[in-house]
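What follows is a short report on a single structure.
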Amino acid sequence: MRFVLVAFLAALTLGGCGNSTDTAEPGALESSNASAAALELAQAAQPEDIFLDGAEIGFRLGLANEFGRDPTYARRDDFAEIMADIHERAWPVYRESLADRMPELYAGLAEVYDDQLSVEEMDRIQTFLESETGEKFLRMSLGAMEGLSPDAIDGIATSSDLEAFNAQTGMNAAAQMSAAEQAEIVEFERENYEALTRVAGPANRMIMRFGQQPPSAEVQARLAEVVDEIKAERGL
């Protein structure tokens, strides 16, 4: 069973953990004059708490990928402890910067929805996402990412990679839902298949661009300070 819905929902922020070959257009993530309906759908499709929880998973896996390539860290017996320490101290800094940028994400997604969907289509999709089954599917998709290894995200380089990744996590999530809930998702997709497939690609590309934008120089400096502190404490 392959759920089209996961292609629409896209990636939380795991797209920001690969080596993207998708390029951003100038001004692609600037504030827009999106409709209220599109902005509401953007927030329903990417609830801030779930988005940031997914970002934390990506951040943790990204740390293991980056530092795991450096023998200075990778060969140490306490590598896992070092990664946990960096995550504990650095994630709050990075999370704050992402939270500040959520309006930017919603504006970008809303532009895509306005361009690709009718008001009626947006209303039908939002109604499902805010239903009991829709909300459960969102959270179960996040839970399906919890046990991933760093290698799982290393190959995410394009929006197509991202869509394939989410198809798999979505199927894993759906497998943990009841037969009635799965049937409800399938029926929703059957009725909205054209709209979901039409918007998935542009939405995924927008999320990839958002995820690949580096944090501000100030945030990067704060993250570097965290790493330097831990290196000093551990004699690295």
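The values are calculated or read from the model by the stated rules, or taken from the named source; none is laboratory data. On a predicted model such as this, the values are computed, not experimentally measured, just so you know. Cβ coordinates were reconstructed from backbone atoms using ideal geometry, including for glycine residues, and neighbour counts include every protein chain displayed.
Scanning the stretch 94-123 for residues that are in a helix (DSSP H, G or I), surrounded by fewer than 17 Cβ atoms within 10 Å (Cβ to Cβ) and more than 18 Å from the chain's Cα centre (by Cα) gives D115, V119, E120, D123.
For the stretch 176-186, the count of residues that are buried (at least 17 other Cβ atoms within 10 Å of the Cβ), among the β-branched types (V, I, T), modelled with pLDDT of 80 or more and more than 16 Å from the chain's Cα centre (by Cα) is at least one. Out of the residues in the stretch 71-89 that are out of contact with any Phe, Trp or Tyr (no Cβ under 8 Å at 6 or more places or on another chain) and under 14 Å from V227 (Cα atoms), state the one that is surrounded by the most Cβ atoms within 10 Å (Cβ to Cβ). Among those residues, the one meeting the criterion is D85. Among the residues of the stretch 187-204, is there at least one that is in a helix (DSSP H, G or I), among the hydrophobic types (A, V, I, L, M, F, W, C) and surrounded by fewer than 17 Cβ atoms within 10 Å (Cβ to Cβ)? Within the stretch 187-204 (the criterion being in a helix (DSSP H, G or I), among the hydrophobic types (A, V, I, L, M, F, W, C) and surrounded by fewer than 17 Cβ atoms within 10 Å (Cβ to Cβ)), the answer is no, since none of the residues qualifies. The numbered conditions (1) modelled with pLDDT under 90; (2) over 30 Å from E120 (Cβ atoms); (3) loosely packed, with under 15 Cβ neighbours inside 10 Å are all true for G58 except (3).
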